[in-house]
1. If one puts a single equal scatterer on every Cα of the chain and applies the Debye formula without solvent, what log₁₀ I(q)/I(0) results at q = 0.07, 0.13 Å⁻¹?
2. For Lys203, which lysines qualify as cross-link partners when the Cα separation must be under 18 Å and same-chain residues fewer than eight apart are set aside?
3. Just check the range 239-360 against the gyration tensor rule for me: Cα atoms, a ≥ b ≥ c as the square roots of the eigenvalues, rounded for a/c under 1.5, and otherwise prolate or oblate depending on whether a/b exceeds b/c.
4. In whole Hz, what ³J(HN,Hα) sequence does the range 219-235 give by Karplus (6.51, -1.76, 1.60; θ = phi - 60°), x for Gly and Pro?
5. Counting other beta carbons within 10 Å of each Cβ, put Val186, Val174 in order, fewest first.
6. Quote to one decimal, in nm, the extra length available between Ser97 and Glu155 on full extension: 0.36 nm per residue of separation minus the C-alpha distance between them.
7. Using the basic label-point model (7 angstrom from Cα toward the beta carbon), what is the Ser313 to Phe166 distance in nanometres?
8. Of Pro15, Leu326, Thr271, whose Cα points farthest to the positive end of the dipole of the chain (charges on the beta-carbon: +1 Lys, Arg; -1 Asp, Glu; origin at the Cα centre)?
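No lab work stands behind these numbers, since they all come straight from the coordinates. Predicted model only: the values in this text are computed from it and were never measured. Every residue, glycine among them, receives a Cβ derived from its backbone with ideal geometry; neighbour counts consider all protein chains shown.
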Amino acid sequence: MKLNIGLLRGDGIGPEIVDSAVKVLEAVGEKKGIEFKFTPYLIGGAAIDATGKPLPEETVKGCLASDSVLLGAVGGPKWDTLPGGIRPEKALLGIRSAMELFTNLRPAKLYPALKGDCPLREDIVEAGFDILIVRELTGGIYFGDRGMREGKYGEEAYDTECYSRFEIERIAKVAFEAAAKRNKRVVSIDKANVLDTSRLWRKVVHEIAADYPDIECTDMLVDNAAMQLVRNPGQFDVIVTTNMFGDILSDEASQITGSIGMLPSASLGTTSRGLYEPIHGSAPDIAGQNIANPIATILSAAMMLKYSFDLNSESDMITDAVDKVLEAGYRTADLAHGGPHLTTDEVTAKIINALRGEKI
Ligand SMILES: NC(=O)c1ccc[n+]([C@@H]2O[C@H](COP(=O)([O-])OP(=O)(O)OC[C@H]3O[C@@H](n4cnc5c(N)ncnc54)[C@H](O)[C@@H]3O)[C@@H](O)[C@H]2O)c1
């Protein structure tokens, strides 16, 4: 089997963590006879420096020609003062849109080995949680009409939220299909007491729910959801929500797992080609020091094997290896609380050892 993977290393710690995930994929390839061909493309600040654009045409073409794409992260202080149109982060919306990726899957799972890192009360931590957030990715306020204008009080800015029935139906279906393979519960999160878009969202989600009689579907207002995530995260199985609510809630969920450096994500469309990336940013404060936690990116590569290529046992090989390394007590600095810790390269090597069945 031969797979062409587009690599978007990006900025900050992006190149370090993507290189770690590449090494892990190569180790899986060696063991399972899969030939990975990795082709790097420019994105973000690195692309601005080289071409003047955050998302060069060649990058879009390359990603569309790949079997799947692995992304590190983009952005950093060097590009923070550029106008919005050429900011590195603009490339993220651009590539998701070009690849027609309307679904973002973000698992937020509490690893038993990291229970001590969870900031929640002990009884909540003991109960554990394993949540899948299904976030709509190409609609809503991030893509709505926006601008600056003169208003009643002078200069003002506006952003608009718009959702079509079609967009809600297709993301709701993804959530119910995912729940069917998990614990058969979907909580749909909206702000239907205020927003018309949320009222349509709620109506359409329930219409789709009728096609999945085995799956429990409930609604929750986003403000309550923000509270329930820290009060009782174990109540959630699959969450489905809009682009902006999903963006905010998934960062909250990431924090209660212990480290932002642990959480992968998958962005999917209607084909098997996806965009896989850690949920954290480019961490410019620790870039180039070989101390970043590569696990979120390595787990993103595991999600790629599962969701793009149906390579479920190969994907499990990676997640099991990560579990073993954490169980054995190895940590990068973000999880070590000032105690002994390993570098990015050392943790990657441990994961590869575990994957090969060697001593870690
Ligand atoms: N998808 C993306 O590419 C993406 C997402 C969010 C932010 N950003 C960009 O990243 C830059 C920095 O943003 P930020 O500081 O708000 O968020 P960030 O996620 O980059 O960093 C927040 C904190 O978490 C730490 N951290 C993040 N990932 C880590 C890892 N793998 N290992 C260890 N520690 C880690 C950082 O050192 C920092 O202290 C900004 O330019 C922002 O726009 C990019």
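1. For the requested q values the scattering log ratios are -0.30, -1.08.
2. Lys173, Lys191
3. Details: a/c = 2.02, a/b = 1.21, b/c = 1.67.
In terms of gyration-tensor shape, oblate.
4. 10, 8, 6, 4, 5, 5, 4, 4, 6, 5, 5, 9, 7, 7, x, x, 6
5. Working: Val186 28, Val174 19.
Listing Val186, Val174 from fewest to most nearby Cβ atoms yields Val174, Val186.
6. Values: separation 58, 0.36 × 58 = 20.88 nm, distance 3.00 nm.
Difference between extended and current length: 17.9 nm.
7. 4.1
8. Thr271
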